[in-house]
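Okay, so here's the structure we're looking at.
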Amino acid sequence: MKNTMILAATMIATLTSVPATANNSPKPLAERVRHELVMLPWVSIYDNMSFRVDGDTVTLFGSTVRPVLKSSAANVVAKLEGVNRVVNEIEVLPLSPFDDRIRMATARAIYGYGPLQRYGLGANPSIRIIVKNGNVSLQGVVSSEMDKNLAFIRANGVSGSFAVANDLRIER
């Protein structure tokens, strides 16, 4: 069971929450919200979503390159039993071929580098690359300080980006 929880935490590293209050559902509300967000078909390494549960209110945070993802996330969460209100604060990133080029180059720099390739495996990679107006932010979870630093160094070497923020967390 513990290995399953660690695997699930790795797969949905960027979806963080505050514990839900008890209700009649078999699973806590936070767990059900997390499941619905992970199951959205358009989530990619260029999107980062998180949420907070306060009673029967769910607040969505993060950023996405697809406007449909913002509305889809709010719609699936609103349909959950126990949710009466959804506050959608997900930011839709501006359309920019310049940012798209930086996204792809950063993904190649990180996921194409041998020691970091394992973070790109699976349907939901744990390192997220958020680019807004030429500024890169690395989000998600890695297993060590060395991997966090390697990802930052690789992203920092991508030409065209103005700045790189290393917001990766280390798995506990």
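The values are calculated or read from the model by the stated rules, or taken from the named source; none is laboratory data. Owing to the predicted nature of the structure, the values given are computational and were not obtained by experimental measurement. Neighbour counts are summed over all protein chains in view; Cβ atoms, including those assigned to glycine, are modelled from backbone coordinates with ideal geometry.
Values computed for the structure shown
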{"item": "Near pairs, Cβ below 8 angstrom, 6+ apart or cross-chain, from the stretch 123-139 (at pLDDT below 95) to any residue that is of a type in the set (Phe, Trp, Tyr)", "result": "Pro125/Tyr111; Pro125/Tyr119; Ser126/Tyr119"}
{"item": "Count - residues of the stretch 47-63 that are charged (D, E, K, R) and part of a loop (DSSP other than H, G, I, E, B)", "result": "2"}
{"item": "For Asn75: the one exception among (1) among the polar types (S, T, N, Q); (2) modelled with pLDDT of 95 or more; (3) closer than 23 Å to Gly120 by Cα", "result": "(3)"}
{"item": "Which listed residue, of Leu121, Leu93, is out of contact with any Ser or Thr (no Cβ under 9 Å at 6 or more places or on another chain), surrounded by fewer than 22 Cβ atoms within 10 Å (Cβ to Cβ) and not β-branched (Val, Ile, Thr)", "result": "Leu121"}
{"item": "The stretch 66-93, residues that are touching a residue at least 24 places away in the same chain (Cβ under 8 Å) and assigned to a helix (DSSP H, G or I)", "result": "Pro67, Val68, Leu69, Ser72, Ala73, Val76, Val77"}
{"item": "The stretch 118-172: number of residues that are in contact with a Phe, Trp or Tyr (Cβ under 6 Å, 6 or more places away or on another chain), part of a loop (DSSP other than H, G, I, E, B) and more than 23 Å from Leu37 (Cα to Cα)", "result": "1"}
